[in-house]
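Colleague: Questions regarding the structure given below will be posed in turn.
The values are calculated or read from the model by the stated rules, or taken from the named source; none is laboratory data. Owing to the predicted nature of the structure, the values given are computational and were not obtained by experimental measurement. Cβ coordinates were reconstructed from backbone atoms using ideal geometry, including for glycine residues, and neighbour counts include every protein chain displayed. We work out accessible area using only protein heavy atoms, side chains counted, and drop any ligands, DNA or RNA first. Shrake-Rupley method; radii C 1.70, N 1.55, O 1.52, S 1.80 Å.
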Amino acid sequence: MRDPTVSSYYSPVKSTITTERMGAEANGSSSSLNFLIYGRTGWIGGILGKLCEAQGIPYTYGSGRLEDRRSLVADLDSVNPSHVFNAAGVTGRPNVDWCESHKVETIRTNVVGTLTLADVCKERGLVLINYATGCIFEYDSGHPLGSGLGFKEEDTPNFTGSFYSKTKAMVEELLKNYENVCTLRVRMPISSDLSNPRNFITKITRYEKVVDIPNSMTILDELLPISLEMAKRNLTGIWNFTNPGVVSHNEILEMYREFVDPSFTWKNFTLEEQAKVIVAPRSNNELDATKLKTEFPELLSIKESLVKFVFEPNKKTEIKG
């Protein structure tokens, strides 16, 4: 299978990035960049390091714990980064149901830790690229299922079904006060590494039964390189970090059967039936990716991206036209 990772204490307070640094980074030269990444052992964090290697961008994985301010300051003193990336966080193993019974641990990392990192970066005038979640919305009367009306960046989260999502919505609201933070709302992440248990496709191919609901999703092979470009452009604020459009569970599994395993079969069940086997409800929504598409016109729709970045590289059989 294709490796998805190569597609390509207190200093004086500064409220904005220094003019000299912004000018150097705007030139697009890797020599002016030096990334500090949190989340070495995580899926996204691991990919970011390989992308930096492929692009010749110097990078270091942070060794400090997010909730320990002094350790973060020590990292900044040691690395002197141009940008900081936060791909660390608690999602729970094997899934977000873990957070329901580990609320303090979830708060410590997802809320306290993220805010501490944002605050330390603010003091240094550094942009923080924060990989967040779009699982803070659910279809409602203003954004009905199948309507094509997606939630925008400025919309207020309306999904509180899981403790994980609650903490993410809380911290997103607080981070709005930090003009140095770029919040990327990731949803149901997918990569071409179909062996990774965190991959949404890998998950649903292993489930006994799946629901069939259209959702916005994030193709990491296409979007993580874009996040590095966002850092180079010093973009901040909230971004729906998904491919345009939606795709359903069944549509993905049909592609999987067509490209990867012709003998693959699956069974569906309803949301009511699903509720009996999970602890916390799951978010289902469509996010409006217009803002991201406007900044990066080359961004593919979710179904196009699935074919190009995920299924074509994993094709096991000849596709008959």
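Colleague: How many residues does the range 209-224 hold that are surrounded by fewer than 20 Cβ atoms within 10 Å (Cβ to Cβ) and either among the charged types (D, E, K, R) or under 12 Å from the mean Cα position of the chain (by Cα) (or both)?
Modeller: Within the range 209-224, residues that are surrounded by fewer than 20 Cβ atoms within 10 Å (Cβ to Cβ) and either among the charged types (D, E, K, R) or under 12 Å from the mean Cα position of the chain (by Cα) (or both) number 2.
Colleague: Residues that are crowded, with 16+ Cβ neighbours inside 10 Å and at pLDDT below 95: find the helices (runs of 4 or more DSSP H) completely inside the range 1-113 holding 1 or more of those.
Modeller: Where helices (runs of 4 or more DSSP H) fall fully within the range 1-113 and carry at least 1 residues being crowded, with 16+ Cβ neighbours inside 10 Å and at pLDDT below 95, they are 19-26, 43-55, 97-100, 103-107.
Colleague: Condition first: at pLDDT below 95 and among the β-branched types (Val, Ile, Thr). Now tell me which residues in the range 212-259 satisfy that.
Modeller: Of everything in the range 212-259, just one residue is at pLDDT below 95 and among the β-branched types (Val, Ile, Thr), namely 213.
Colleague: Considering only residues that are among the polar types (S, T, N, Q), modelled with pLDDT of 95 or more and touching a helix residue (DSSP H, G or I) at 6+ places or on another chain (Cβ under 7 Å), which ones fall in the range 161-182?
Modeller: Residue satisfying the conditions is 180 alone.
Colleague: If you take the residues of the range 127-160 that are in contact with an Asp or Glu (Cβ under 8 Å, 6 or more places away or on another chain) and outside any loop (DSSP other than H, G, I, E, B), which of them is farthest from residue 287 (Cα to Cα)?
Modeller: 132
Colleague: Just to be sure I understand the filter: pairs with C-beta atoms under 6 Å, separated by 6 or more residues or on different chains, first member in the range 291-310 and under 15 Å from residue 235 (Cβ atoms), second member in a helix (DSSP H, G or I) and not β-branched (Val, Ile, Thr). Which pairs pass?
Modeller: Between residues of the range 291-310 that are under 15 Å from residue 235 (Cβ atoms) and residues that are in a helix (DSSP H, G or I) and not β-branched (Val, Ile, Thr), the close pairs are 299/293.
Colleague: In the range 175-196, which residues are loosely packed, with under 14 Cβ neighbours inside 10 Å and closer than 16 Å to residue 111 by Cα?
Modeller: The answer is 176, 177.
Colleague: While we're on this one: Test residue 185 against the criterion of being at pLDDT 95 or above, assigned to a helix (DSSP H, G or I) and of a type in the set (Lys, Arg), and give yes or no.
Modeller: no
Colleague: Assess whether residue 119 counts as being over 24 Å from residue 218 (Cα atoms), open to solvent by less than 20 Å² (accessible area, probe 1.4 Å) and of a type in the set (D, E, K, R).
Modeller: Criteria not met by residue 119.
Colleague: Between residues in the range 147-158 that are at negative phi and residues that are in a loop (DSSP other than H, G, I, E, B) and of a type in the set (D, E, K, R), which pairs lie under 6 Å by C-beta distance while being six or more apart or on different chains?
Modeller: 150/286; 150/288; 152/288
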